[in-house]
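One structure below.
The values are calculated or read from the model by the stated rules, or taken from the named source; none is laboratory data. All values derive from a computational prediction rather than experimental measurement. Every residue, glycine among them, receives a Cβ derived from its backbone with ideal geometry; neighbour counts consider all protein chains shown. What goes into the accessible areas is simple: the full protein's heavy atoms, side chains included, and nothing from ligands, DNA or RNA. Shrake-Rupley method; radii C 1.70, N 1.55, O 1.52, S 1.80 Å.
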Amino acid sequence: MFRRKLTALDYHNPGGFDCKDETEYRNCIVWLEDQKIRHYKIEDRGDLRNIPGSEWPAAFQKYLQDVSSPFGAAERPEALDWLLGLAVRYEYGDNVDKYKTCQPLPTPSNSDKPADPLVNLDSSSPDFKAGVTALANILKIQRHDDYLVTLKAIRILIEERLSPEAVLKSSQKKEGLPVPLDQHVLGFDTGDATLNEAAQILRLLHIEELRELQTRINEALVAVQAIIADPKTDHRLGKVGR
């Protein structure tokens, strides 16, 4: 979960980093602040640098609040992953020209691509669970007991709401025809002209929703008919006479 970001940040031991090791975890946090993030002035980093101190968790919690992290000190993997992402953004911002000249990796051929991107994922890995949990929290998605189900929900949300096509579609304004309310009979009177107009608008919106629902029902019926309206005759079952 952390190896790629640690490698990108030139951490000294990206492959052997153990998030569960308390000392190693604290050292990594201090290294990020000292070398990459640099949110505090040097003289203000004393509490965070006091790694063996009993007050370090409180200092870390305050640090997370100061950098506007959505995670607290109790959410260790999520907090570290968020800080690594922040450090990567700062690293890129400080060296834009350097990374602009980097050549992209060659695109693998179709034969090199796995059939299913989830095949090589270890869903029981603590790093995998922490990463899925962090994404679910950021996207405000209800977590499921099965982390693969949560990951699929994240994928659906990204495809439907955050893909370039979805963002472009949502940015386009829908232009409709003006509807004169005085030409539509409400059928009842609330005694207030403003309430009558609001009721008419709600009724028209409800009718529009019903039309959309009917369209989807019709599409479903057409799909079902396409399946059942093409029977295949088994001539072996046929016979002449009784």
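For region 178-193, give me the residue count where each residue is over 13 Å from residue 207 (Cβ atoms), of a type in the set (Gly, Ala, Ser) and part of a loop (DSSP other than H, G, I, E, B).
Adding up the residues that qualify gives 1.
I need the full set of residues from region 21-33 which are touching a helix residue (DSSP H, G or I) at 6+ places or on another chain (Cβ under 9 Å) and β-branched (Val, Ile, Thr), in order please.
If the condition is that a residue be touching a helix residue (DSSP H, G or I) at 6+ places or on another chain (Cβ under 9 Å) and β-branched (Val, Ile, Thr), then 29, 30 are the ones that fit.
Identify, from the list 41, 20, the residue that is modelled with pLDDT under 90 and of a type in the set (Lys, Arg).
20
Among what's in region 77-121 and is within 18 Å of the chain's Cα centre (by Cα) and at pLDDT below 65, pick the residue that is least open to solvent (accessible area, probe 1.4 Å).
118
Out of everything in region 7-41 that is more than 21 Å from residue 53 (Cα to Cα) and among the β-branched types (Val, Ile, Thr), what residue ends up being least open to solvent (accessible area, probe 1.4 Å)?
Ranking the candidates gives 37 first.
Answer yes or no as to whether residue 52 is part of a loop (DSSP other than H, G, I, E, B), farther than 19 Å from residue 85 by Cβ and not small (Gly, Ala, Ser).
For residue 52, the condition - part of a loop (DSSP other than H, G, I, E, B), farther than 19 Å from residue 85 by Cβ and not small (Gly, Ala, Ser) - is met.
Of these, 168, 162, 148, which one is open to solvent by less than 70 Å² (accessible area, probe 1.4 Å) and modelled with pLDDT under 85?
Only one candidate qualifies: 148.
Quick grid of which residues meet (1) part of a loop (DSSP other than H, G, I, E, B); (2) touching a helix residue (DSSP H, G or I) at 6+ places or on another chain (Cβ under 7 Å):
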residue: 15; (1), (2): yes, yes
residue: 19; (1), (2): yes, yes
residue: 35; (1), (2): no, no
residue: 40; (1), (2): yes, yes
residue: 47; (1), (2): no, yes
residue: 59; (1), (2): no, yes
residue: 62; (1), (2): no, no
residue: 68; (1), (2): yes, no
residue: 86; (1), (2): no, yes
